[in-house]
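Peer 1: Let me give you the structure first, and then I'll get to my questions.
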Amino acid sequence: MTTECTKTACPYCGVGCGVEVNQLGIVGDKKHPANQGSLCVKGSALAQSLDMPSRLLYPKYQGQEISWERATDLIADAYHQAIESRGPDSTAMYVSGQLLTEDYYLANKFMKGVVGSANIDTNSRLCMSSAVVAHNRAFGEDVVPVSYNDIDAADMIVICGANTAWTHPVLFRRIQQARERNPKLKMVVIDPRETVTAQQADLHLAIENDGDIALFNGLLKYLIEHEQLDHHFIAQHTEGSKQLFEHLVSEQYSLDSLSQHLSLSSEQLTTFFNWFATTKRAVTLFCQGVNQSQFGADKANAIINAHLATGKIGRAGSGPFSITGQPNAMGGREVGGLANQLAIHRGFDHQSIELISEFWQTDRLARKPGLKAIEMFEAVERGDIQVIWIMATNPVVSMPDNRFIQQALKKCPLVIVSDVTAESDIAQYADLLLPAAGWGEKQGMVTNSERMLTRQRQFQKPKGLAKPDWQAIAMVASKVSARLAMQDGFKFLTEAEVFGEYAAMTGLNKNSSLLLDLSEYAQISEQEYAAWQPVQWGGAHPFANGQFSFDDGKARFIVPSHSQASDKMQWWLNTGRQRDQWHTMTRTGHIAHLAATEAEPTVYLNSRSADCLNIKQGQLVSVSSSENNQSIVAKAEFDDGLSDKQLFMSMHWAGKYAQFNQVNAILSRKSDLHSGQPAFKSQPVELQAVRVNCYGMYLGDQFSHKDFIYHSFQTEERTGVWRFASRDWLDKSSASELGGTLCERQLVMDIEKGWLAIGYDNAGEQKIIRSLILISGQPITVTSADLARLIGAPLTFSRLLSVAAQQEKALLVCSCLRVNDQQIIRELESGDCTSVLQLKNKLKCGTNCGSCLPQIAALVDQHSQTVIVSK
Ligand SMILES: Nc1nc2c(c(=O)[nH]1)N[C@H]1C(S)=C(S)[C@@H](COP(=O)(O)OP(=O)(O)OC[C@H]3O[C@@H](n4cnc5c(=O)[nH]c(N)nc54)[C@H](O)[C@@H]3O)O[C@H]1N2
Ligand SMILES: Nc1nc2c(c(=O)[nH]1)N[C@H]1C(S)=C(S)[C@@H](COP(=O)(O)OP(=O)(O)OC[C@H]3O[C@@H](n4cnc5c(=O)[nH]c(N)nc54)[C@H](O)[C@@H]3O)O[C@H]1N2
Ligand code: SF4
Ligand SMILES: [Mo]
């Protein structure tokens, strides 16, 4: 790591926090407008993320190391041959919102400008594409009309379908600070789950799954009936109100009907409606609970409709705010990385095709939209796509129905994968692997949720022969251009040159109604690029003058085509994120304190429902989908913030951590008609207890597993932790088969309901513990942290007793300082602490990154309520 100070950006979520790499390590950048120095739990662990296991160091073809020249020749030949023999659409690229703008721009230029196919899609299809459709339909351009500063100016914040406290923690902290400064600021959370975000709300609307359109239509009906519309704004700046308002006459949006349909009381509904009607400034944040639905685009438009109808847009403290997931999801949308966009916010109209062909000096430009992610992998499965290049995404985990995606890729003649690790699931499907430079080793631009462009800067050399993705694309694109006898448009020497060309291209929007225009940076010098300070394009409020991006300058109301919530009678699976993990765990699964909050694949359900099915806490259950006939096994945990029939699982479990129990195996491919975004959050499923006679946990270096019905892996400090289960009882004689043989000696003892094997080595006078096996007939509730501490420690009688006595079932709250809920509850119950501040002082919880503060606050609230009730 450098001794100088490098300013860069966090590579995780779309908040886009500024980061400083200096002598102290990796810390928040106090001067960055997005975070002013704060980092969340993932951002605070960036230094540890640099030691990613199994770095991919060399290009590899069918398992053999090869040179970059050979690798790029092979790829160029494959694209060229496929283009010549079957046409451009027999090739594809599947890329990612974690690429930098320069990578993304060149990938798009290569596929659409050289290959001549728009078969380039991105994981933003799974993430932001419904919001993109909604913005295009309502505003005429994919523009987010708000800024983070609007949080401070708002009188009301609505968070719809987002667990911001966990997924955009630094933004959530800003909301909390705004509420502390302005106690009148109201926060409403709309989520079928009582999340940590919802626990902090003034009003939580636990709607039925997919009930959002009905709710926002109901809001509009209420606004009409209570004469709370901004008629001037509607008349001057919008189109389509008449059709929408006629639609809202329907009885289904009356309070009674909504209340029944959404399982909310009419008081809850009128409180929300009345607050929205009577507050001047409101921001509605939305994320995947809106986007990832079969009706995602309509949901987003229903939200935008409410803002347009009240003129709550384009001014301080107001607007619909689609928050982006990945660090450069926004940059990818700007360059045109989605298959149904051409480039720079333009589609496939005649004029755009002419302008862009001219700019790229190509007569091969793609003339029609390409295949969206799900369609793309279906085409791979049919054999219509002969070569696919997958970059910075792990679709064999993150796509829905991922066993289908795995089968499809097995059939594809050439799968090229660019990744930083050889351990990712997608790397296992590659015929040709390209080593990518990771965060800190590459540089470029990213755009965050509020359109702020920040530089990611390099502070380390790439490992092995790894290269930044843009260089790999440029090498291949030059070679394909040569084979097609085209001029080489990829002779870039630096990232600044690539960025300059992209910025120049946005200048094509100058004489149009489109707002995206960075052309003032077209001539950017190396020095200016190096010294770049965060820049927000479009200003704080892009539509402040009431002019939208349609030719007539007016925004459009959209009549949602569907407004029914899902069937209440059916068990349904909701999926999403945990606070401490990032996506498919390749960057965060190896960091012990981040791995500790959810230790194994877990399905949450409420205790009432569990009782009805006779499912006990910690027991293994199988969750299956009749839509694709797949099932997985996971541990059952209770969460009374879930409604009856609702299950929740995190999306993260992948690779060696999850084995076969990845949640996306049981998700079907159904998606939004307009956007193609999968409905990750509403899968009808069935749930069943699994018959298990033996639960096991192994701590040590290496685990030789048998054909267990379940096993998972967790990284702990100094050791690995494997959990497993089998139908048959494992007796003590199996101890040595499970990994104990690695130690010189083993001590096996009976404990309550099972046995414990301790593997140890003799080191002089001492016996040092090397491994532990715990076998029980009951689900094992011991947390791994305490056991892990014994590995490498001397074996003594008292230690043996402490192992045997491990009973406490605790939930980790502060992962940085490893403080669990039981410790906090003990302090509260003893009366030693009564506030978050006192708990911070005494236990130090929440004093590092602060991501757990909302949970600590919830425990304090729960405790004070218990005290009131018992009085
Ligand atoms: N810790 C962490 N943070 C992340 C990420 C990560 O992997 N880990 N990933 C980043 C990325 S790429 C993204 S896209 C964002 C996602 O950020 P979020 O969207 O905030 O996160 P999710 O957990 O996917 O889902 C949000 C909520 O939608 C709710 N929901 C489900 N169905 C419905 C519904 O019908 N209506 C409503 N109103 N709500 C519903 C779920 O209960 C869930 O609480 O997070 C980003 N931040
Ligand atoms: N069930 C369910 N599934 C979901 C979701 C959900 O809510 N529920 N959410 C969806 C959403 S919103 C998203 S964004 C996706 C995310 O899903 P993915 O994009 O598949 O997840 P990641 O783990 O981020 O994959 C990134 C890959 O790129 C590699 N990588 C990291 N940096 C670089 C780089 O600089 N260059 C290259 N070439 N490789 C790099 C990493 O090692 C990793 O293998 O998941 C989607 N899937
Ligand atoms: S909120 Fe956390 S993950 Fe998101 S950019 Fe900031 S530090 Fe990174
Ligand atoms: Mo995402």
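The values are calculated or read from the model by the stated rules, or taken from the named source; none is laboratory data. If you're wondering where the values come from, they're calculated on a predicted model, not measured in any experiment. Cβ coordinates were reconstructed from backbone atoms using ideal geometry, including for glycine residues, and neighbour counts include every protein chain displayed. Ligands, DNA and RNA are stripped out before the accessible areas are found, and what is left, the full protein with its side chains, is counted by its heavy atoms. Shrake-Rupley method; radii C 1.70, N 1.55, O 1.52, S 1.80 Å.
Peer 1: Rounded to the nearest 20 Debye, what is the dipole magnitude of segment 665-707 about its Cα centre when Lys and Arg each give +1 and Asp and Glu each give -1 at the C-beta?
Peer 2: For segment 665-707, the charge dipole is close to 140 debye.
Peer 1: Counting only other residues whose beta carbon sits under 14 Å from that of Leu308, what net charge do I get with K and R as +1, D and E as -1?
Peer 2: Around Leu308, the surrounding residues sum to +4.
Peer 1: For segment 462-529, what are the per-bin percents of Cα-Cα distances with bins 5 Å wide, up to the bin holding the maximum?
Peer 2: 3, 16, 18, 17, 19, 15, 9, 2, 1, 0
Peer 1: Counting pairs of alpha carbon atoms under 8 Å apart in space and at least six apart in sequence, what relative contact order in percent does segment 128-322 give?
Peer 2: Reported as a whole number, the value is 34 percent.
Peer 1: How much net charge surrounds Asn664 when only other residues with a Cβ under 14 Å from its Cβ are counted (Lys, Arg +1; Asp, Glu -1)?
Peer 2: Overall, the nearby charge balance is +2.
Peer 1: What percentage of the solvent-accessible surface of the chain, computed with a 1.4 Å probe over protein heavy atoms, is contributed by carbon and sulfur atoms?
Peer 2: The C+S portion of the solvent-accessible surface of the chain is 48 percent.
Peer 1: Taking a quarter of the surface of the Cα convex hull of segment 660-759, what do you get in nm²?
Peer 2: Seen from a random direction, the Cα hull of segment 660-759 projects 9.3 nm² on average.
Peer 1: Restricted to Cα positions, what overall size does segment 518-587 have along the principal axes? Three whole-Å values, descending.
Peer 2: 61, 46, 17
Peer 1: Further question on the same structure: For segment 610-700, which GluC sites (Glu not before Pro) are both in a DSSP coil and crowded by at most 16 other Cβ atoms within 10 Å?
Peer 2: Glu627
Peer 1: Accessible area, 1.4 Å probe, largest first: how do Arg451, Arg179, Arg608 sort?
Peer 2: Most to least solvent-accessible, the answer reads Arg608, Arg179, Arg451.
Peer 1: May I ask which of Lys299/Lys442; Lys184/Lys670; Lys461/Lys510; Lys312/Lys681; Lys42/Lys491 have a Cα-Cα span longer than 31 Å here?
Peer 2: Lys299/Lys442; Lys184/Lys670; Lys461/Lys510; Lys42/Lys491
Peer 1: Could you tell me how far the Cα centroid of segment 554-592 sits from the Cα centroid of segment 390-430, in Å?
Peer 2: Centre-to-centre distance over Cα atoms comes out at 22 Å.
Peer 1: Work out the charge dipole of the chain with +1 on the Cβ of Lys and Arg and -1 on the Cβ of Asp and Glu about the Cα centre, then indicate which of Gly696, Met399, Leu493 is farthest towards its positive end.
Peer 2: Gly696
Peer 1: While we're on this one: Top to bottom by accessible area (1.4 Å), largest first, where do Lys616, Lys242, Lys645 land?
Peer 2: Lys242, Lys616, Lys645
Peer 1: So what is the relative contact order for segment 536-653, in percent, with contacts set as C-alpha pairs under 8 Å and at least six apart?
Peer 2: 32 percent
Peer 1: For Ser266, what accessible area in Å² do you get when you roll a 1.4 Å probe over the heavy atoms of the protein chains, rounding to the nearest 10?
Peer 2: Near enough 40 Å² of accessible area.
Peer 1: Still on this structure, please answer the following. Using a 1.4 angstrom probe on the protein heavy atoms only, could you order Cys412, Cys816 from most to least accessible area?
Peer 2: The ranking, largest first, comes out as Cys816, Cys412.
Peer 1: Right, something else. Where the centre of each part is set by its Cα atoms, how far does segment 78-128 sit from segment 298-353, in angstrom?
Peer 2: Computed from Cα coordinates, the inter-centre distance equals 21 Å.
Peer 1: Using square roots of five times the C-alpha gyration tensor eigenvalues, list the equivalent-ellipsoid semi-axes of the chain in whole Å, biggest first.
Peer 2: 42, 36, 26
Peer 1: Can you give the local net charge around Ala555? Use residues other than it whose beta-carbon is closer than 11 angstrom to its beta-carbon, Lys and Arg +1, Asp and Glu -1.
Peer 2: Value of the local net charge: 0.
Peer 1: Along each of its three principal axes, how wide is the spread of alpha-carbon positions in segment 537-576, in whole angstrom units, largest first?
Peer 2: 48, 25, 13
Peer 1: For segment 498-563, which trypsin sites (Lys or Arg not before Pro) are both in a DSSP coil and crowded by at most 12 other Cβ atoms within 10 Å?
Peer 2: Hits after loop and neighbour filter: Lys510.
Peer 1: Please sort by residue number the trypsin sites (Lys or Arg not before Pro) in segment 753-786 whose DSSP state is loop and whose Cβ has at most 16 other Cβ atoms within 10 Å.
Peer 2: Lys753
Peer 1: With a 1.4 Å probe and every protein chain left in place, work out the accessible area per residue of segment 694-805 in Å², rounded to a whole number.
Peer 2: Value for segment 694-805: 47 Å² per residue.
Peer 1: Still on this structure: Using a 10 Å cut-off on Cβ atoms, rank the peptides 188-198, 773-783 from the highest mean neighbour count down.
Peer 2: Final packing ranking: 188-198, 773-783.
Peer 1: In whole percent, what relative contact order does the chain give with Cα contacts below 8 Å and a gap of six or more residues?
Peer 2: 15 percent
Peer 1: How much mean residue ellipticity at 222 nm does the chain get from its helices, if each DSSP H run of length 4 or more adds -39500 (n - 2.57) and you divide by all residues, to the nearest 500 deg cm²/dmol?
Peer 2: -9000 deg cm²/dmol
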